[in-house]
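Okay, structure first, notes after.
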Amino acid sequence: MSELTSDDVRIEDPDFYINERHDVYPRLHQEAPVFRYEPLDVFVLSKLDDIREAARTPEVFSSASGLHLHQLRLEPGEQAVYGTLFDPAGEQFAYADPPRHRELRSIASRSFAPRAIAHLTERIEQEVKVFLERIEPGKPFDFVEAVAAPLPIYVIEQFIGLPSGHSEEIRGWSDALESLKLVRGIDKLSEAISQFSTMNDFFRERIAFKRENPGEDLISALLSAELDGEPVSEANLLIYCSTFLSGGSDTTRSLLAGMAHAFAWHPEQWDKLTANRGLVDAAVEESLRWTTPARGFLRTVTKDVQIQGVDISTGQRVYLLFDAANRDAATFENPWTFDIERPGANAHVAFGYGIHQCIAAHLARLEARILFRELSQRFSRIELAGSPNPIRQVLRAGWYDMPVVFH
């Protein structure tokens, strides 16, 4: 067998993740766990233990210089335009290293206190029942449009503190934020970024409303918080809102659609769940491993380091390929098998690992748990009613649509 090359490990090609990872990931694990992708001079990490070690040592593997592969392809002019997406006076905790990361993240973490989540749980349970009442057994429908996309938007509205009735606008902004990773050219980038002025105006109106009418939501929590001894700035308020809008809706949409797809392809696993609904938590963890909504993120090395005998120099980039780590046979026996009774399924890194683990992971799990517990009580079988159309993007796994029939 010939040596792996960058023509085999095409991490910039969405089709690689859809069509070829089954063959290439095992070879990466065995032959090149630290693989140099020459077109970008990036070292790809594919083993679970190596990725965890990198994620838990931000002092060596920094997030501050960018997280996404497409950013390495931007020309200087494009990079400058891309940087105008957020007010430069604001700070994104996803791009911050300790100790600043901890300070920025802790402000938003308060919105995940048990009381706030308990209040949200009741609303999610009620809304799930509303969604599922619309499903007609035996009649094909698009699971993404009917459930997987609108449910997370409803939840993120409640979580952030947004008014209802704006789901189409919110989904449009969320999709547009994701699509920026596909846009090239200064003019096109400028045009794409300009559309977010309406999103920020929407957030500003809501922030003003919440100043006078606080509640149990993210905006209210941020308005009562302090950063560096001062109220949280408007620039930071807008960044927090847009971050949760995009991440909270897109990641969860991918998870929910991924669960439906997995159960449709593995009816024996659905039988297990309907026979024992106590398996729903394990089913969510296995589905996260199986789907891995966000495939991977970059880090920049801050000092010379060696991984698996490979020397990586200060300033070079590593790509934490979470999707491959979740198929690491050294941790997950028969990793290409979907099994909701898998021991240790929660060892996955679908939400990242370490200090940058997804802050909204608990919320995504909660939505999936409530939805699929209710589905398993109502329906005995899930079948595909056509061929789902996969999202062709480097970062995010998922489907644009998913025709299904519930029985």
- Charge dipole (debye, nearest 20) of the chain; +1 at Cβ of Lys and Arg, -1 at Cβ of Asp and Glu: 680
- Query: What shape does the range 232-362 take by its C-alpha gyration tensor, where a ≥ b ≥ c are the square roots of the eigenvalues and a/c under 1.5 counts as rounded, a/b above b/c as prolate, and the rest as oblate?
  - Reply: oblate
- Pairs of Cα atoms under 8 Å, at least six residues apart: use those to get the relative contact order of the chain, whole percent. 26
- Amide H neighbours of Gln316 under 5 Å, counting only residues 5+ apart in sequence or on other chains, H built in-plane at 1.01 Å? Val301
- Message: From the C-alpha coordinates alone, can you work out the Kirkwood hydrodynamic radius of the range 327-390, in Å?
- Response: 14.7
- Projected label distance in nm at His407 and Glu268, using a 7 Å step from Cα toward the beta-carbon: 1.7
- Item | Cα-centre dipole for the range 100-250 with unit charges at Cβ (Lys and Arg positive, Asp and Glu negative), debye to 20 | 360
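Taking the Cα centre of the range 15-139 as the origin, how large is its charge dipole in debye, to the nearest 20, when only Lys and Arg (+1) and Asp and Glu (-1) carry charge on their Cβ atoms? Working shown, then result.
On the way: 16 positive and 21 negative charges, 109 e Å.
Result for the range 15-139 is approximately 520 debye, rounded to the nearest 20.
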- Name the long-range amide H neighbours of Val44: under 5 Å, sequence gap of 5 or more, or other chain; modelled H, no Pro or chain starts. Phe35, Arg36, Tyr37, Tyr319
- Message: Pick from Ala108, Ala96, Ala225 the residue whose mean-square fluctuation is largest in a GNM of the chain, springs joining Cα atoms under 10 Å.
- Response: Ala225
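With a/c under 1.5 counting as rounded, go ahead and sort the range 3-69 into rounded, prolate or oblate using the C-alpha gyration tensor (a ≥ b ≥ c being the square roots of the eigenvalues; past the cut-off, prolate if a/b is larger than b/c, else oblate).
Since a/c reaches 1.5 and a/b is larger than b/c, the shape of the range 3-69 is classed as prolate.
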- Query: By its C-alpha gyration tensor, with a ≥ b ≥ c as the square roots of the eigenvalues, how is the range 127-204 shaped: rounded for a/c under 1.5, else prolate for a/b larger than b/c, else oblate?
  - Reply: oblate
- Mind listing which GluC sites (Glu not before Pro) in the range 49-107 are in a DSSP loop and have 10 or fewer other Cβ atoms within 10 Å? Glu59
- Query: Cβ under 10 Å from Ala221's Cβ, Ala221 left aside: what net charge do those residues give with Lys, Arg +1 and Asp, Glu -1?
  - Reply: 0
- Give, in whole angstrom and from largest to smallest, the semi-axes √(5λ) of the equivalent ellipsoid of the range 289-399, with λ running over the eigenvalues of the Cα gyration tensor. 32, 16, 15
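Relative to 2.2 N^0.38 Å, what does the C-alpha radius of gyration of the range 188-263 come to as a ratio? Two decimals please.
Against the empirical 2.2 N^0.38 Å value, I get 1.39 for the range 188-263.
Expressed as a whole percentage, what fraction of the accessible surface of the range 207-257 belongs to carbon and sulfur atoms when a 1.4 Å probe is rolled over the protein heavy atoms?
In the range 207-257, the share of accessible area belonging to carbon and sulfur is 47 percent.
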- Given [x] 17.6; [y] 19.8; [z] 22.6, which label gives mean projected area of the Cα convex hull in nm² as computed from the coordinates? [y]
- Message: Please give me the summed charge of the neighbours of Phe93: other residues whose Cβ is under 12 Å from its Cβ, Lys and Arg +1, Asp and Glu -1.
- Response: 0
- Task: Please report how far the C-alpha centroid of the range 24-53 lies from that of the range 59-137, rounded to the nearest whole angstrom.
- Result: 26
- Summed side-chain charge close to Ile239 - residues other than Ile239 whose Cβ falls under 9 Å, Lys, Arg +1, Asp, Glu -1: -2
- Message: Before I look further, what does the chain give for accessible area per residue, probe 1.4 Å, in whole square angstrom?
- Response: 43
- Note on the structure: Between the alpha carbon centres of the range 309-333 and the range 370-384 the gap in Å comes to 35
- Of all DSSP beta bridges in the chain, what percent run antiparallel (nearest 5)? 80
- Query: What aspartates and glutamates could a cross-link reach from Lys47, if we take a straight Cα to Cα line under 13 Å and drop same-chain neighbours fewer than 8 places away?
  - Reply: Glu31, Asp323, Asp328
- Separation of the Leu85 and Lys139 label points, Cα + 7 Å toward Cβ, nm: 4.0
- What distance in nm separates the simple spin-label points at Leu227 and Asp201, each placed 7 Å from Cα in the Cβ direction? 2.4
- Message: Pairs of alpha-carbon atoms within less than 8 angstrom and 6+ residues apart define the contacts here; what relative contact order does the range 226-362 have, in percent?
- Response: 24
- Message: Relative contact order of the range 317-407, please, whole-number percent, based on alpha carbon pairs below 8 angstrom and at least 6 residues apart.
- Response: 18
- Lys/Arg Cβ at +1, Asp/Glu Cβ at -1, dipole of the range 166-309 taken about the Cα centre: which of Ala192, Ser254, Ser167 is farthest positive-ward? Ser254
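For the chain, which DSSP H helices look membrane-span-like by this rule: Cα extent along the axis of 30 Å or more and mean Kyte-Doolittle of at least 0.0? Walk me through the numbers on the way to the answer.
Details: long enough: 234-265 (46 Å, 0.49).
Span-like helices here: 234-265.
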- Share of accessible surface on carbon and sulfur in the range 1-117, whole %, 1.4 Å probe and ligands ignored, is 49
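The values are calculated or read from the model by the stated rules, or taken from the named source; none is laboratory data. This one's a predicted model, so the numbers in the text were calculated from it and none came from an experiment. Please note: Cβ atoms are built from the backbone with ideal geometry, for glycine as well, and neighbour counts cover all protein chains shown. Calculation scope for accessible area: heavy atoms of the full protein, side chains included, ligands and nucleic acids excluded. Shrake-Rupley method; radii C 1.70, N 1.55, O 1.52, S 1.80 Å.
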